[in-house]
Amino acid sequence: MIHQKDAHSLRAEFEQLFEQTSGYQQLDERKALTLAKKEPLLMVLSHPEILLHNNPAELGARQRVRKRDVSLQARTREGIGAWDTFQTLVSTAKKLGVNMYQYFSDRMTQTNTFPSLAHLIEQRSQDFPLATSWGRGT
């Protein structure tokens, strides 16, 4: 967890670095663009639970691209939508620790012994410690 003093120091260093001019126009323009994005770039200082990388999202997309490449894509918009929906369901279930075979069987037989994925996501979000840093309280 980053302390307020450290966060303030990092913000000051960021400003010092990107407010300086070099005399080289293209570099100064790039630095000005980066400085304009200061808040989103430094958001992790206020919200340390934010991941510093997007690897989980990239891994999810990679599976979809691999299937597309092997299968030479679906033939219709409906087919592409079905693939996307199915892979999203599988990925979500995996992240929630739900056995997809059992979940689909439960839904197709309409026994509904498993809670919906939406309910599981909502339940899991209650356990995720975002409240304090986002100012919602606990």
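The values are calculated or read from the model by the stated rules, or taken from the named source; none is laboratory data. Fair warning: this is a prediction, and the values are worked out from it, not measured in the lab. When we count neighbours, we look across all protein chains shown, and the Cβ atoms used for this are built from the backbone with ideal geometry, even at glycine. Remember, those area values only see protein heavy atoms, side chains included, never the ligands or the DNA or RNA. Shrake-Rupley method; radii C 1.70, N 1.55, O 1.52, S 1.80 Å.
Our estimate of slack between Leu41 and Ser116, defined as 0.36 nm per intervening residue step minus the Cα-Cα distance, is 23.5 nm. Using a probe of 1.4 Å on the protein chains alone, the accessible area found for His53 is around 100 Å².
Maximal additional length on extending the Gln87-Asp127 stretch stands at 11.9 nm, based on 0.36 nm per residue less the C-alpha distance. Pairs exceeding 27 Å between alpha-carbon atoms, taken from Lys31/Lys95; Lys5/Lys95; Lys5/Lys37; Lys38/Lys67: Lys31/Lys95; Lys5/Lys95; Lys38/Lys67. Could you pull the accessible area for Lys67 with a 1.4 Å probe, rounded to 10 Å²? The accessible area comes out at roughly 80 Å². Once Lys and Arg get +1 and Asp and Glu get -1 on their Cβ, which of Ser116, Ala93, Asn55 lies farthest toward the positive end of the dipole of the range 55-121? The residue sitting most towards the positive pole is Asn55.
Of the listed values (1) 51; (2) 18; (3) 24, identify the label whose number matches percent of Cα pairs over 27 Å apart calculated from this model. Recomputing percent of Cα pairs over 27 Å apart here picks out (1).
For the chain, relative contact order (Cα pairs under 8 Å, six or more residues apart, normalised by length) works out to 18 percent.
Taking 0.36 nm per residue of sequence separation and removing the Cα-Cα distance, the Ala7/Thr21 pair yields an extension gain of 2.7 nm. Expressed as a whole percent, the accessible surface of the range 1-126 that belongs to carbon and sulfur atoms is 57, based on a 1.4 Å probe. Loop sites only, by DSSP: take the chymotrypsin sites (Phe, Trp or Tyr not before Pro) in the chain that have at most 13 other C-beta atoms within 10 Å and name the longest stretch containing none of them. Here the longest run is 25-133.
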